[in-house]
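Reviewing the structure listed below.
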Amino acid sequence: MYYIGVDLGTSSVKLLLMDKQGTVVKTVSKEYPISFPKPGWSEQNPYDWYEQSVAGIRELTVGIKKEEVAGISFGGQMHGLVILDENDKVIRPAILWNDGRTTKECEYLNNTIGKGKLTEYTANIAFAGFTAPKILWVRENEPENFQKIRKIMLPKDYLAYRFSGVHATDVSDASGMLLFDVKNRRWSEEMLEICGISKDCMARVFESYECIGHLTEEAAEKLGLTTDTAVIAGAGDNAAAAVGTGTVGDGSCNISLGTSGTIFISSMTFGVDANNALHAFAHADGHYHLMGCMLSAASCNKWWLDDIIGTGDYAKEQEGITDEMLGSNHVFYLPYLMGERSPHNNPLARATFTGMTMDTTRTDMTQAVLEGVATSFPQTEEIIENGKVSGMTATDVQKILNLKHAWEFILDRDVVASRSTISPIPLIRTNRTPTCQNRLFHSSFSAKNTTHSITP
C-alpha cells in the first residue's frame, strides 16, 4: 500500500508518495503565484492550490495501481483565511499567514478586548498573521464579502474539503486562528461572538491523525484514485514537521528555517508563557506545544541573493565567510522584511542594514543577513528564563538551542548534516541541498525545502 503526503507551502505544494515501510518512493513539487496587492499584503488563489495539487498527485502516482493508494493527508501554511459562500465557492483570494494588514484589528483585540481575555479564551494574543484579525478586517473593509461567509477554512483544510467533501480542520492548525480554545481543544464561543460569526461557519475539529472521510467520486476521478482512499486531517506545517523529526512528548525542541523561522517546544501538558510572547498551540501528537516564530528567515537570504545581488550560486556567494569572520562583522542586519511576530509583535517592523562604512564589502553584507536571522533566536532565551515553561528549564533550552550563540550553532563548520536522522534534537529546515557538508551555512537560507538534522 501507498500513502500520499501534501505539504501546502507558500510558494509551492510539495507532494510525496510513501510505501507502508515508510520509504519515500517519489516526490513532486508544483509552484503557484503569490500576490502582494498593497505593501504588507499577501494573498493567493485557493483554486491554484487545488489545481496544482491535483496535477502533482497525478504525476506522483504514475505507474502506481490506484487501488493501492490507501490514504492521503496534509500539512501546510497556517493562519490563512479562506472564506466560502453558501455554494462552497471561494469568495475572495485567501489572506495569508504573512499578511500584515490587520494592525488596527490586532490593536482592538489586544487592547480593547484585552490580552488577558484573549489568553483566557484561546491561550494566545492577537498577531497580525492570525485568522481572527483577518475576519475582523473583512467585516470592516469588505462587508459585502463578510455577509456571504458560510464557511471559514484554513489553506490545507480547503484542499481536504475539495478531496473529501468534508469541512474539517485539525487541532494544531485551528490553534493558530485565535478562534480556538486550545486548552479544551474546541472552538471558543467568546471569540466567535467577538468576530461576529456563528459556530456553523467553522469546520468540524479532528485530531491530526484522525480520518475525516474518503475521496469523493469527483475527487477520485480527478486524481486517478478510488473512493476507498482515506483522507486524514493532517496538521499545521510546524506541528507536522515536529512529529516527523521526533519533537514530541515533553521537552523536545527543534529549530526550523524556511520562509519563516520557528522554535518549537513540545509538551505533554497545556501551558502559556507569562508574557504571551510564544504561541501556545495544540500539538499533532495529541498534546501541546509552545512556538516562537520570526516571519522572515530563509526568505531574507533569498531576497538578498536573488533579488538584490542577482545570483543563484548561494555557495559561491558565501564561501568568502571564513570562521575567523564569525562574530566580528561590523555590519548588522535586522531581518524584518515582513514585520515581526515573536518575540516582537510588530507588523510594522522593517528590515535594515546598519554599521556600513566605506570599507564594507559585499561579503560583509551577506554575512550580516545570515547572522541577522540567526541572532534573532537568542531573544527567546529571556522568554524561556522568565516564563517558567512547564517541563522545560532555561538550561534545557539552552542545551538544545545554544541560544547564547545561535549564529555559531547555525554556521559552525563542525556541524554535521544528515537527511536520515529522526530524533528530538534541533532541526534546521534548509532550502537547498548543501554543496559541502561541513559548511551548513551554504544551504541554510535558500529556496527549496529539504530537512537536515544537526548535532550541536
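The values are calculated or read from the model by the stated rules, or taken from the named source; none is laboratory data. Being a predicted model, the structure only gives us computed values, none of them experimental. No Cβ is skipped: glycine too gets one built from the backbone with ideal geometry, and neighbour counts run over all protein chains shown.
Please count how many residues of the stretch 329-375 are aromatic (Phe, Trp, Tyr) and surrounded by fewer than 20 Cβ atoms within 10 Å (Cβ to Cβ).
2
Give just the number: which of (1) closer than 23 Å to THR131 by Cα; (2) modelled with pLDDT of 95 or more; (3) hydrophobic (A, V, I, L, M, F, W, C) does ALA220 not satisfy?
(1)
Which residues, taken from the stretch 260-307, are among the hydroxyl-bearing types (Ser, Thr, Tyr), under 19 Å from ALA240 (Cα atoms) and not in a strand (DSSP E or B)?
SER260, THR269
Residue by residue, here is whether (1) over 25 Å from CYS300 (Cβ atoms); (2) hydroxyl-bearing (Ser, Thr, Tyr); (3) in contact (Cβ under 8 Å) with a residue 40 or more places away in the chain holds:
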position	(1), (2), (3)
GLN77	no, no, yes
GLY80	no, no, yes
LYS89	yes, no, no
ARG92	yes, no, yes
TRP97	no, no, yes
LYS104	yes, no, no
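Taking only pairs six or more apart or across chains, which ones have beta-carbon atoms under 6 Å, a first residue in the stretch 244-258 that is farther than 22 Å from VAL24 by Cα and in contact (Cβ under 8 Å) with a residue 40 or more places away in the chain, and a second residue that is surrounded by fewer than 24 Cβ atoms within 10 Å (Cβ to Cβ) and among the hydrophobic types (A, V, I, L, M, F, W, C)?
ASP250/MET268; GLY251/MET392; CYS253/ILE400
Yes/no matrix, rows are residues, columns are (1) in a helix (DSSP H, G or I); (2) in the same structural domain as VAL272 (by TED's automatic domain parsing); (3) at positive phi; (4) aliphatic (A, V, I, L, M):
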site: ASP173; (1), (2), (3), (4): yes, no, no, no
site: LEU192; (1), (2), (3), (4): yes, no, no, yes
site: ILE212; (1), (2), (3), (4): no, no, no, yes
site: ALA220; (1), (2), (3), (4): yes, no, no, yes
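State yes or no: is ILE125 in contact with a strand residue (DSSP E or B) (Cβ under 8 Å, 6 or more places away or on another chain) and either crowded, with 24+ Cβ neighbours inside 10 Å or assigned to a loop (DSSP other than H, G, I, E, B) (or both)?
no
Does SER256 count as outside any strand (DSSP E or B), closer than 30 Å to ALA55 by Cα, in contact with a Phe, Trp or Tyr (Cβ under 9 Å, 6 or more places away or on another chain) and not assigned by TED's automatic domain parsing to the domain that holds MET78?
Criteria not met by SER256.
Residues to consider are TYR3, TYR47; find the one that is out of contact with any strand residue (DSSP E or B) (no Cβ under 6 Å at 6 or more places or on another chain) and of a type in the set (Phe, Trp, Tyr).
Step by step, each of TYR3, TYR47 is checked, and only TYR47 is out of contact with any strand residue (DSSP E or B) (no Cβ under 6 Å at 6 or more places or on another chain) and of a type in the set (Phe, Trp, Tyr).
Assess whether ASP88 counts as being outside any strand (DSSP E or B) and on the phi > 0 side of the Ramachandran plot.
yes
Quick grid of which residues meet (1) touching a helix residue (DSSP H, G or I) at 6+ places or on another chain (Cβ under 9 Å); (2) within 27 Å of SER175 (Cα to Cα); (3) crowded, with 18+ Cβ neighbours inside 10 Å:
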{"position": "PRO37", "(1), (2), (3)": "no, no, no"}
{"position": "TYR47", "(1), (2), (3)": "no, yes, no"}
{"position": "LEU60", "(1), (2), (3)": "no, no, yes"}
{"position": "LYS66", "(1), (2), (3)": "yes, no, no"}
{"position": "MET78", "(1), (2), (3)": "yes, yes, yes"}
{"position": "ASN87", "(1), (2), (3)": "no, yes, no"}
{"position": "PRO93", "(1), (2), (3)": "yes, yes, yes"}
{"position": "CYS106", "(1), (2), (3)": "yes, yes, yes"}
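Applying the selection to the stretch 4-35, what residues are part of a loop (DSSP other than H, G, I, E, B) and loosely packed, with under 12 Cβ neighbours inside 10 Å?
LYS20, GLN21, GLY22, THR23, PRO33
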